Amino acid sequence: MKRRTLIKGLATGLSSLYLSNLYARNLFASQADHLMAAGPFQPTWESLGQYQVPDWFRDAKFGIWAHWGPQCQPERGDWYGRGMYQEGGDQYKYHLEKYGHPSKFGFKDVINEWKAENWDPQELVALYKKAGARYFMAMANHHDNFDLYDSKYHRWNATKLGPKKDLIGGWAKAAKEQGLPFGVTVHASHAWTWYETAQRSDKNGPYAGVPYDGKLTKADGHNKWWNGYDPQELYAQNHTLSKDSLDDNSMGEHWYWGNGASVPDKAYCDKFLNRTLELIDKYSPELVYFDDNALPLWPVSDVGLKIAAHFYNTSIKKHGKLQAALFGKMLDEQQRKCMIWDIERGQSNQIEPLPWQTDTCIGNWHYDRRVFDNKSYKSAKTVIHTLADVVSKNGNLLLNVPVRGDGSIDSEERAVVEEVAAWMQVNGEAIYGTRPWKTFGEGPAMESVVALSAQGFNEGKGKPFGAEDIRFTTKGKTLYAIMLGCPPDKTALVKTLTANDRTGKVARVSLLGNDSLTFEQTSEGLKVQLPERPVCKNALVLKIEGAIV
């Protein structure tokens, strides 16, 4: 009861240093069977505060992500492994029609259906590099608790079941062949509460009262395809339900292991620790993303702190200096010194003092066929505008291109990627290796910004970008003005660059992909005459040289 009371208090937003002391005697002290790397970083917030974001990540600016696993097999969108057990919901109804009742065909059986038969990691990663990605990330597991790599600690993995392939191994090899830093994303810490819907049963209809398969055990597998495998190793549901678990929307309240969440036991925490240490050591990622507030299983366990210290120390041992990029969400001021702040589907509204990242997707996180059928993917224009906005504020963009169950991407997605590639080939100079200017931009969209909500989610809620919206980046003494549209009269006006001593005198203006342009610096701003037919349609980039201060 004491631990639950403390966890609930976390929502008040106390600093991590205070919480470190508050929880010191209430954390599950995890135990690693896997060897931990020694080095300067210790598993405490204070020690992790030594972290410095590596320059290669700051220069890269743009990464592409394959958020792909067995939940993509039904091609019915996000959180299928939870939603299929929510009676009356869209995914539940779809599951009944496609597979049958979840008491007879559960998520473990969806895994068995998944074969990834058309997966070609070399082709996809080569495409993403062409599109301008400077790092590539692949999902190592999701809340469904299925490891997509060869794990000696977790039998429910893709080398033994489903595709029977080492997916992370294949992605890692493809990234290396393309010379891209490789990253993994880890989401499985939440399986304990996320899968609680699998403990339910229908309230209505012919299966009313018949339990779903969330409580099955190894003994139930006699004469089944999964004979010898324990479903509890996957579902982790041998525990009492969280408070309000029967409320389909309760998961958000339990994300930080507060508000009555069922707290994972030590065995669960230890296993997650060993699985993740093994992942880091076996595949040597340069980036690790946690879909967690702060770190996995914080504040009920020290698991996340140990993984972070191991990851950093391993990077130093490998490279002679720290080259690792580690991401967490909902970070307070102290925690942002320990890792990179990740914002989901949203952007900061200011230039952040420390590098950060936004992660977003051109569709749903898990592949949803309806997005293709309805032609409702994010456009390349939206992707480019998001990238420019994020980079102008000292951030990076990680973009998910959803992968189908069979391992391919569809024609609509490919068209978006190809269009982004065309823009980046001309204008990447204004993105890569740049740093923020004294202001991130100008224009009407700045007047209608929407504040972040929880871990992000302010994406697309402000005023749409137009030709008057400009985002600035710098490289050395060069200023780039990224115009998020094309002025109808072929004249660009950069209002921030007025003719005064505080701005400095512009010496030369050119359009990336074109020659020098005629310009005039006036009291209204920098007026630039654009060519009759600009090279790029989604955003134009002015390269401005001179004594810009």
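The values are calculated or read from the model by the stated rules, or taken from the named source; none is laboratory data. No experiment lies behind these values; they were computed from the predicted model shown. Here Cβ is always computed from backbone atoms with ideal geometry, including for glycine, and neighbour counts include all displayed protein chains.
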Filtered residues of segment 284-300 (kept if in contact with a Phe, Trp or Tyr (Cβ under 9 Å, 6 or more places away or on another chain), buried (at least 21 other Cβ atoms within 10 Å of the Cβ) and not in a strand (DSSP E or B)): PRO285, GLU286, ALA294, PRO296, LEU297, TRP298, PRO299, VAL300
Of all residues in segment 459-512 being assigned to a loop (DSSP other than H, G, I, E, B) and small (Gly, Ala, Ser), the one that is surrounded by the fewest Cβ atoms within 10 Å (Cβ to Cβ): GLY476
Restricting segment 513-536 to residues that are assigned to a loop (DSSP other than H, G, I, E, B) and hydroxyl-bearing (Ser, Thr, Tyr), the residue that is surrounded by the fewest Cβ atoms within 10 Å (Cβ to Cβ): SER523
Matching residues in segment 357-389 - criterion: being assigned to a helix (DSSP H, G or I) and either of a type in the set (Gly, Ala, Ser) or assigned by TED's automatic domain parsing to the domain that holds LYS61 (or both): ALA380, ALA388
Some residue of segment 229-251 being touching a Lys or Arg at 6+ places or on another chain (Cβ under 9 Å) and either more than 26 Å from VAL300 (Cα to Cα) or not assigned by TED's automatic domain parsing to the domain that holds LEU305 (or both): yes
Boolean, VAL303 is β-branched (Val, Ile, Thr), buried (at least 23 other Cβ atoms within 10 Å of the Cβ), in the same structural domain as TRP192 (by TED's automatic domain parsing) and within 18 Å of the chain's Cα centre (by Cα): no
Those residues of segment 340-353 which are buried (at least 16 other Cβ atoms within 10 Å of the Cβ) and not in a strand (DSSP E or B), in sequence order: ARG345, GLY346, GLN347, SER348, ASN349, ILE351, GLU352
Criterion: modelled with pLDDT of 95 or more, out of contact with any His (no Cβ under 7 Å at 6 or more places or on another chain) and assigned by TED's automatic domain parsing to the domain that holds ASP230 - qualifying residue of TYR80, TYR128: TYR128
Residue in segment 258-278 that is at pLDDT 95 or above, more than 27 Å from LEU148 (Cα to Cα), in the same structural domain as ALA188 (by TED's automatic domain parsing) and exposed (fewer than 14 other Cβ atoms within 10 Å of the Cβ) present: no
Residues (among the small types (Gly, Ala, Ser), farther than 30 Å from LYS271 by Cα and surrounded by 21 or more Cβ atoms within 10 Å (Cβ to Cβ)) located in segment 122-158: ALA131, GLY132, ALA133
Answer from VAL426, VAL403 - the residue that is crowded, with 22+ Cβ neighbours inside 10 Å and among the hydrophobic types (A, V, I, L, M, F, W, C): VAL403
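Are any residues in segment 177-194 part of a helix (DSSP H, G or I) and crowded, with 23+ Cβ neighbours inside 10 Å, and if so, which ones? Can you show your working first?
Quick first cut of segment 177-194, residues part of a helix (DSSP H, G or I) only: 177, 188-194.
Within segment 177-194, ALA188, SER189, HIS190, ALA191, TRP192, THR193, TRP194 meet the criteria.
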Tally, over segment 145-162, of residues that are part of a loop (DSSP other than H, G, I, E, B), within 25 Å of GLY63 (Cβ to Cβ) and free of Cβ contacts under 8 Å to residues at least 60 places away in the same chain: 1
Among residues of segment 93-125, those that are farther than 20 Å from LEU234 by Cα and either at pLDDT below 95 or not in a loop (DSSP other than H, G, I, E, B) (or both), counted: 10
Considering residues of segment 430-458 that are modelled with pLDDT of 95 or more and assigned to a strand (DSSP E or B) only, the residue nearest to SER348 (Cα to Cα): GLY441
